[in-house]
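S.K.: Once you've had a glance at the structure underneath, I'll fire off some questions.
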Amino acid sequence: MRIDCPMCGSRDRREYYYQGGAVMLARPAPDAGEAAWDDYLHLRENPAGETEELWQHDGGCGAWLVVTRDTVSHEISNVALAEDVKRAMRKAS
Amino acid sequence: MVELIQISPCAGLLPITLGSVTLDEQDVGRLTSLSPFGDASDLSAALEKAHGCTWPKPNRSTGKDGGRCIWFGRDEALLIGPAPDMGLAKHGAVVDQSDAWAVVSLAGPGAVDVLARLVPVDLRDAAFKRGHTVRTQVMHMNASITKLGTDHLMIMVFRSMAGTLVYDLKGAMAAVASRG
Ligand SMILES: [Zn+2]
């Protein structure tokens, strides 16, 4: 398995650390309430198909990445810097 | 007063020559981590004026022996050689890391074959030319590898891992050398 780091290029999976669902980027407001925080901290989708995940290129440039991966085929369809994804989210909100 | 004796990270371990490849420690002078405040253009200009090397693009290095700047990760570069001009601190974070890294050179025909056994990146000349640099791993150690010339690479790992680096490289050098 290889991941195309936007900075480093195509690299072996061993250089990366897997964190989990990219929903971690959508942090609720401090006063969003118990349900929103419970959802953010504990509840995750478990799709058979396309999902967005956070990976870190810790054995490379150190950047956090949003990786779009199909959990059935393991095909990776997109990789973006988490920094850019988060900036776009801020702009949109 | 206690007299402190400076010991280099690979003291007593190097040099080693096996077959056509030699591993040796490099005394490269000062190591300074640079991280720009925002855009790197001001830092690049200050760097060029003071040390004759510009801000490197990802996976590239600039300058030469005695004043080299290598890309060192996302929004980070490492100035190798000179004591940093204090004017750089206006444009970015300037952090001395001179004692934090073990720096070795691997040179001679077959040097790339040695690293091919330890590093998951293609370092042959066709893909990785003089002046190219990568952040990657040597076995399980996070490393920085820069090509100084054909069959001539500079490898850096955290100082605490100097012994492991020499051990792993020595094993790979012996394996390559035994193939003749
Ligand atoms: Zn990377």
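The values are calculated or read from the model by the stated rules, or taken from the named source; none is laboratory data. None of the values given here were measured: they were computed from a predicted structure. Please note: Cβ atoms are built from the backbone with ideal geometry, for glycine as well, and neighbour counts cover all protein chains shown. Areas reflect the complete protein model, heavy atoms only, side chains present, ligands, DNA and RNA absent. Shrake-Rupley method; radii C 1.70, N 1.55, O 1.52, S 1.80 Å.
S.K.: Which residue is farthest from the other protein chains (Cβ to nearest Cβ), if the candidates are limited to the range B:123-173 and must be among the basic types (Lys, Arg) and away from the ligand (no atom under 16 Å from the Cβ)?
M.R.: Kept after step one, since they are among the basic types (Lys, Arg), are these residues of the range B:123-173: B:124, B:129-130, B:135, B:147, B:159, B:170.
In the following step, the residues that additionally are away from the ligand (no atom under 16 Å from the Cβ) were identified as B:124, B:129-130, B:147, B:159, B:170.
Details: B:Arg124: 15, B:Lys129: 14, B:Arg130: 18, B:Lys147: 15, B:Arg159: 18, B:Lys170: 22 Å.
Result: B:Lys170.
S.K.: When B:Asp96 is evaluated against the numbered criteria (1) closer than 20 Å to B:Gly67 by Cβ; (2) open to solvent by 30 Å² or more (accessible area, probe 1.4 Å); (3) without any contact (Cβ under 8 Å) to a residue 60 or more places away in the chain, which criterion, by number, is the only one it fails?
M.R.: Result: B:Asp96 passes all but (3).
S.K.: If you don't mind, there's one more thing I want to ask. Out of all the residues in the range A:14-26, which are closer than 30 Å to B:His132 by Cβ, loosely packed, with under 14 Cβ neighbours inside 10 Å and more than 9 Å from every other protein chain (Cβ to nearest Cβ)? Show your work before the answer.
M.R.: Looking only at the range A:14-26, we keep the residues that are closer than 30 Å to B:His132 by Cβ, and these are A:14-19.
Now restrict to residues that are loosely packed, with under 14 Cβ neighbours inside 10 Å: A:14, A:17-18.
Listed by number, the residues that qualify are A:Tyr17, A:Tyr18.
S.K.: Hey, does the range A:56-66 have a residue that's open to solvent by less than 80 Å² (accessible area, probe 1.4 Å), more than 14 Å from every other protein chain (Cβ to nearest Cβ) and over 14 Å from the mean Cα position of the chain (by Cα)?
M.R.: As a first pass, look at the range A:56-66 and keep what is open to solvent by less than 80 Å² (accessible area, probe 1.4 Å): A:56-63, A:65-66.
Filter once more, keeping what is more than 14 Å from every other protein chain (Cβ to nearest Cβ): A:66.
Applying the additional criterion that residues be over 14 Å from the mean Cα position of the chain (by Cα) yields none.
No; the residues of the range A:56-66 include none that is open to solvent by less than 80 Å² (accessible area, probe 1.4 Å), more than 14 Å from every other protein chain (Cβ to nearest Cβ) and over 14 Å from the mean Cα position of the chain (by Cα).
S.K.: Let me ask something additional. For the subset of the range A:71-93 comprising residues that are among the aliphatic types (A, V, I, L, M) and within 16 Å of the ligand (Cβ to nearest atom), which member is farthest from B:Pro58 (Cα to Cα)?
M.R.: Here is the first cut: in the range A:71-93, the residues among the aliphatic types (A, V, I, L, M) are A:72, A:76, A:79-82, A:85, A:88-89, A:92.
Cutting the leftovers down to within 16 Å of the ligand (Cβ to nearest atom) gives us A:76, A:79-82, A:85.
Values: A:Ile76: 23, A:Val79: 17, A:Ala80: 16, A:Leu81: 14, A:Ala82: 17, A:Val85: 20 Å.
Looking at the filtered set, the residue picked out is A:Ile76.
S.K.: Let me ask another. Take the conditions open to solvent by less than 60 Å² (accessible area, probe 1.4 Å), within 14 Å of chain A (Cβ to nearest Cβ) and under 13 Å from the mean Cα position of the chain (by Cα) and apply them to B:Ile80. Does it pass?
M.R.: Values: open to solvent by less than 60 Å² (accessible area, probe 1.4 Å): yes; within 14 Å of chain A (Cβ to nearest Cβ): no; under 13 Å from the mean Cα position of the chain (by Cα): yes.
Spelling it out, it is not the case that B:Ile80 is open to solvent by less than 60 Å² (accessible area, probe 1.4 Å), within 14 Å of chain A (Cβ to nearest Cβ) and under 13 Å from the mean Cα position of the chain (by Cα).
S.K.: Let me ask something additional. Before we move on, is A:Leu25 closer than 29 Å to B:Ala77 by Cα, in contact with a His (Cβ under 9 Å, 6 or more places away or on another chain) and touching a residue at least 60 places away in the same chain (Cβ under 8 Å)? So that I can check it myself, show each step before the final result.
M.R.: Working: closer than 29 Å to B:Ala77 by Cα: yes; in contact with a His (Cβ under 9 Å, 6 or more places away or on another chain): no; touching a residue at least 60 places away in the same chain (Cβ under 8 Å): yes.
Taking the combined requirement at face value, the residue does not satisfy it.
S.K.: Tell me the residue from B:Ala177, B:Ala102, B:Ala172, B:Ala143 that is open to solvent by less than 60 Å² (accessible area, probe 1.4 Å), more than 14 Å from B:Asn59 (Cα to Cα) and not in a helix (DSSP H, G or I), please.
M.R.: Among B:Ala177, B:Ala102, B:Ala172, B:Ala143, only B:Ala102 is open to solvent by less than 60 Å² (accessible area, probe 1.4 Å), more than 14 Å from B:Asn59 (Cα to Cα) and not in a helix (DSSP H, G or I).
S.K.: Ok, one more. In the range B:36-62, how many residues are at pLDDT 95 or above and either of a type in the set (Asp, Glu) or under 17 Å from B:Val134 (Cα atoms) (or both)?
M.R.: 10
S.K.: From the set of residues in the range A:13-70 that are within 16 Å of the ligand (Cβ to nearest atom) and among the hydroxyl-bearing types (Ser, Thr, Tyr), which is farthest from B:Val121 (Cα to Cα)?
M.R.: Here the residue is A:Tyr18.
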